[in-house]
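A short worksheet on the structure shown next.
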Amino acid sequence: MTDRYAVIGNPIAHSKSPEIHAMFARATGQDLVYTRIHAELDQFRATVESFQRGGGVGLNVTVPFKREAFDLAATRSVRATLAGAVNTLTWRGDHWAGDTTDGVGLIRDLEINLERPLAGARVLLLGAGGAARGVIGALLESGASMVAITNRTHRAAIEIAEAHAAVGSLTVLPFAEIGNREFDVVINATSAGLQGESLPLPAHIFSTGVLAYDMVYGKPTPFLGLAKASGARTSDGLGMLVEQAAEAFYIWRGLRPATAPVVAYLRDALRGQ
Ligand code: NDP
């Protein structure tokens, strides 16, 4: 029987995951179907249970259900436990196992696709929402010489630092203090760019040699605009999107699909929009 997978969220119509997984399945000769599921905000668990009864064996979970997926999972990976969020659910015959692949996705995009090794690098992460939580453990384990975190709501950044104290030391900086430091990689994990909003960042942190990375993809953000105008190298988060999907595919199918052709295809499609 063909295995059934899906991405579940609300809203979900915009998700590129079905296209990505269909390309992975074609490239690796896997027999599977992957669809989108819109769950009502109070119906996450019931929707997942119904999917499983219908033969579903794996789910990607997106906004706003990553925390609920964490609660639903009977077993969780170490990285999901640290993040307090699950974006990949796998049916293990009698229970859902939870994992999070955003951290691996980001690190692969930075280190392999963008050829920016993190060992010894000074990294600044902007944001303390679900996306930041999902990647901070991987950043702390990357060999970076310093990882700092800044968030509009300062308390949320402190909570992330406290939650990860056993993994590594996180420097919590208010926006006003960013200008006193130097960074090699600046990662925007806020949703500010989605609404075209700017962050209060001094232009001088984006000098030549700095990589500025925005997790938002497919649209020019004020963050990337400022970084580019100040001489930094820039990237959006399309590669991370594809890499986190590839990690989920690996968890489910035990195969690592090539990601570069999928990134190139989606990049072309976004340009044509
Ligand atoms: P959340 O809603 O959980 O968090 C939003 C974060 O953005 C918070 O830290 C919030 O700060 C901050 N923020 C929002 N607006 C502003 C603003 N105007 N000024 C300063 N800070 C602001 O969202 P997620 O963490 O889930 O997602 C963040 C972004 O990452 C989204 O744009 C999403 O599309 C992208 N993403 C991309 C992925 C990829 O694979 N490329 C994967 C996952 C996410 P505060 O705490 O003060 O409210």
If residue 78 satisfies every condition in (1) within 16 Å of the ligand (Cβ to nearest atom); (2) modelled with pLDDT under 95 but one, which is the exception? (1)
Candidate set: the range 197-255, residues that are free of Cβ contacts under 8 Å to residues at least 24 places away in the same chain and closer than 30 Å to residue 31 by Cβ; chosen: the one surrounded by the most Cβ atoms within 10 Å (Cβ to Cβ): 250
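What number of residues within the range 130-164 satisfy the criterion of being within 20 Å of residue 86 (Cα to Cα) and part of a loop (DSSP other than H, G, I, E, B)? Even if it seems obvious, please write down each step before you answer.
Going through the range 130-164, the residues within 20 Å of residue 86 (Cα to Cα) turn out to be 130-141, 156-157, 159-164.
Retained after the next criterion (residues that are part of a loop (DSSP other than H, G, I, E, B)): 141, 164.
Total meeting the criteria: 2.
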Within the set of pairs 6 or more residues apart or between chains, which connect a residue that is under 25 Å from residue 114 (Cα atoms) and modelled with pLDDT under 95 inside the range 170-196 to a residue that is assigned to a strand (DSSP E or B) and within 12 Å of the ligand (Cβ to nearest atom) with Cβ atoms less than 7 Å apart? 193/214
Go through the range 219-273 and count every residue that is within 18 Å of the chain's Cα centre (by Cα) and at positive phi. 0
Every residue from the range 140-159 that is closer than 22 Å to residue 193 by Cα and within 14 Å of the ligand (Cβ to nearest atom): 149, 150, 151, 152, 153, 154, 155, 156, 157
Within the range 4-73, considering only helices (runs of 4 or more DSSP H) that don't extend past its boundaries, which have at least 1 residues that are without any contact (Cβ under 8 Å) to a residue 24 or more places away in the chain, of a type outside the set (A, V, I, L, M, F, W, C) and under 21 Å from residue 250 (Cα atoms)? 17-28
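The values are calculated or read from the model by the stated rules, or taken from the named source; none is laboratory data. Owing to the predicted nature of the structure, the values given are computational and were not obtained by experimental measurement. Note: ideal-geometry Cβ built from the backbone for every residue, glycine included; neighbour counts use all protein chains shown.
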